Every structure is written in C-alpha cells, then in structure tokens.
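Some notes on the structure that comes next.
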Amino acid sequence: MMKHYLQFSDLTADEYAWIFERARIIKARFKQYEKYQPLTDRTLALIFEKASTRTRVSFEAGMYQLGGSVVHLTTGDSQLGRSEPIEDSARVISRMTDIVMIRTFEQTKIEVFAAHSRVPVINGLTNEYHPCQILADIFTFIEHRGPITGKKVAWVGDGNNMANTWLQAADILDFTVHLSTPRGYEVDQRLAGVKNNACYQTFKDPSEACVGVDLVTTDVWTSMGYEAENEARRAAFASWRVSNDMMARAQPNALFMHCLPAHRGEEVDADVIDGPQSVVWDEAENRLHVQKALMEYLLLGRVTD
Ligand code: CP
Ligand code: NVA
C-alpha cells in the first residue's frame, strides 16, 4: 500500500527502527564511497513555496546518490504561483514523477496534494510540522547517545512546527519533552496531534525545562511566514535564549541541537551552538542520510541489500 510522510505520526515505532537502521547502513556505505543506486530511473519532484538550503540540498543530492533524478519547482516559476488548483497539480506531477517532496504553508495544502497523488508525498516543512528534521535529529541523538526511549528533551522557544513534531515523536518513540514557550506562543496539543499528553511537561521558566535533560533544542523565534510578527516576538522571546547556564542545568553529557538556520545571540548564544555539546553539523548532514532511507522505504519497502 502506498504511504505518504505528511507528519511524524504517519509511521510507527517499528517503521522508525527500520528506517534508522537503514540510514546507518546507507550512511556507512556513502562514507566508504560505495555506490548504492536502488532508485535508478526514479524521479523526485521537489516543490518549494518557502526558502530552503538544507532541505533542497539533502533531497536533491540524496536522490542523485540513490541513482534517481530531480525536478525542482517553486511557486514563482510554476503554475502553482498562478492559482492552478492543488488537486490538478498533484494529478499531473504524480503522473510524471515517482515521489514528491513539498515545502509549503498550511498542512491542509499538502494533505490535499497527497489525496490526489498517485505517488508518495513527503512533508519538507509546513507551518504545522517538520517531520524530516525530527527524523534527522533523533537519528543524530541515537548515533551519539544510543536509543532515545526514556530520555528527556528540552524544547526552549516557539510552539511551532518543530515543537509540534517533537511532541509527536515523543508520543511514538516513548520519550519526554520538557516544553518551555513564552506566553502566547504555546503548543496547541490538538494541532500537535499528540494522543498521550504524558509525553510532555510544560515549564514557565526555560532554565527549569533544562534540568536533567539529555538534549536541549531550540529554533528561530520567527518562522518562515510569520515575519510580520518579528518585533513582537523579539520582545516576547528575550528570556528564551539557550545559554551555557541553561546547558549547565542539563545532564553533563547533554547534547545541543538546532535545525538551522540559527541566529546567534537570539534563540541561542554563540558559545552554545559553537561549543562542545553542540551536534548541529552532524544533525544537518544527517538530513541527507535519513531522507535517503525514507525515500528507499516509501518506494521500495523493506529492502535488505
Ligand atoms: N532545517 C531546515 O529545514 O533547513 P532549510 O530551511 O535550509 O531547508
Ligand atoms: N521553524 C522554522 C524552521 C526552519 C527550518 C520555520 O518554519 O521557518
């Protein structure tokens, strides 16, 4: 049966275990310069309605490395920007390509696209979710510290697409998120799509959220599409900057992650993101490896070669 990857909850813990193991194997082969091209003659359509560096490079390079090719579309250079219905775009694009990645605004857009697509659709970020990033983040945690089950993750900042997706991941993979967001920027549990609210605790004080955790993570104060709120957000988020004082409250071997792009001196101090506990460059690189494993899984299922 065809599967889409529109939010983190679209896959089970068992499927994640499979994908993380495949990502490990695919990464190891890549590091050995071993060719692995199971997607020869397959085409990935990349549709961007928002800016991107990591998502574009990782999907594009990843698909070529797997033997396939890529078509890149943006709102400005396609009929998407001239109001062609999403349903029609999905019907057409999915007759010509084998898999589609979309970065857009509302989650409903990607859901409508998927409902009219003949091929798997991957969420490359919406206002609500960023599942490919959390896939990379958890793979990075596992590489550095082993299984994430039972661990604690502090989220310091906006109740945004990243925060929602961390909560979904905690629910599915059985870890706990310590959530600290300024008043007015809380996570909406219903929107986050969390079934079991025991997977997270909320903290007014971001430093308290960091006590005893295994990972501290944050994101920009203003996500793409919310730029008009920039000034209000700067004021509201002033105390939600990850500092060395906050890191000192966490476990001594706690990691720091940020999906990037980062603003040093806003959501994180430079000596944290550039410091010894930060794994942000591994985290960014791992987008490539986990998404190759994800595309392999969505197109070929559980391959074992
Ligand atoms: N983290 C992330 O998705 O980065 P880009 O916006 O550069 O794709
Ligand atoms: N929350 C950020 C993530 C960017 C990768 C945004 O949506 O802009």
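Tell me yes or no: at least one residue of the range 297-305 is of a type in the set (G, A, S) and buried (at least 17 other Cβ atoms within 10 Å of the Cβ). Break it down stepwise before answering.
Filtering the range 297-305 for residues of a type in the set (G, A, S) gives 301.
Applying the additional criterion that residues be buried (at least 17 other Cβ atoms within 10 Å of the Cβ) yields none.
No, that holds for no residue.
For residues that are β-branched (V, I, T) and within 16 Å of ligand 2 (Cβ to nearest atom), scanning just the range 48-70, find the one that is farthest from R287 (Cα to Cα). Full working, then the answer.
Filtering the range 48-70 down to residues β-branched (V, I, T) leaves 53, 55, 57, 70.
From the residues that got through so far, the ones that are within 16 Å of ligand 2 (Cβ to nearest atom) too are 53, 55, 57.
On the way: T53: 11, T55: 8, V57: 9 Å.
In this case the residue turns out to be T53.
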Please tell me if A90 is touching a residue at least 24 places away in the same chain (Cβ under 8 Å), surrounded by 15 or more Cβ atoms within 10 Å (Cβ to Cβ) and either within 15 Å of Q291 (Cα to Cα) or not aromatic (F, W, Y) (or both).
yes
For the range 233-252, how many residues are loosely packed, with under 14 Cβ neighbours inside 10 Å and not basic (K, R)?
7
N230 fails exactly one of (1) within 17 Å of N160 (Cβ to Cβ); (2) crowded, with 20+ Cβ neighbours inside 10 Å; (3) more than 13 Å from ligand 1 (Cβ to nearest atom), namely (2)
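Based on what the data block shows, is T140 assigned to a loop (DSSP other than H, G, I, E, B) and polar (S, T, N, Q)? Even if it seems obvious, please write down each step before you answer.
On the way: assigned to a loop (DSSP other than H, G, I, E, B): no; polar (S, T, N, Q): yes.
Criteria not met by T140.
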Residue satisfying all of: in the range 66-87; without any contact (Cβ under 8 Å) to a residue 24 or more places away in the chain and of a type in the set (D, E); nearest to R22 (Cα to Cα) among these
D77
The lone exception for K292 - which of (1) more than 30 Å from T43 (Cα to Cα); (2) basic (K, R); (3) touching a residue at least 24 places away in the same chain (Cβ under 8 Å) it fails
(1)
If we only count helices (runs of 4 or more DSSP H) wholly inside the range 162-261, which ones have 1 or more residues that are under 26 Å from A13 (Cβ atoms)?
189-192, 206-209
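Since every read-out is calculated from the coordinates, none of them should be taken as a lab result. None of the values given here were measured: they were computed from a predicted structure. Quick reminder, even Gly has a Cβ in these numbers, built from the backbone with ideal geometry, and neighbours come from all protein chains shown.
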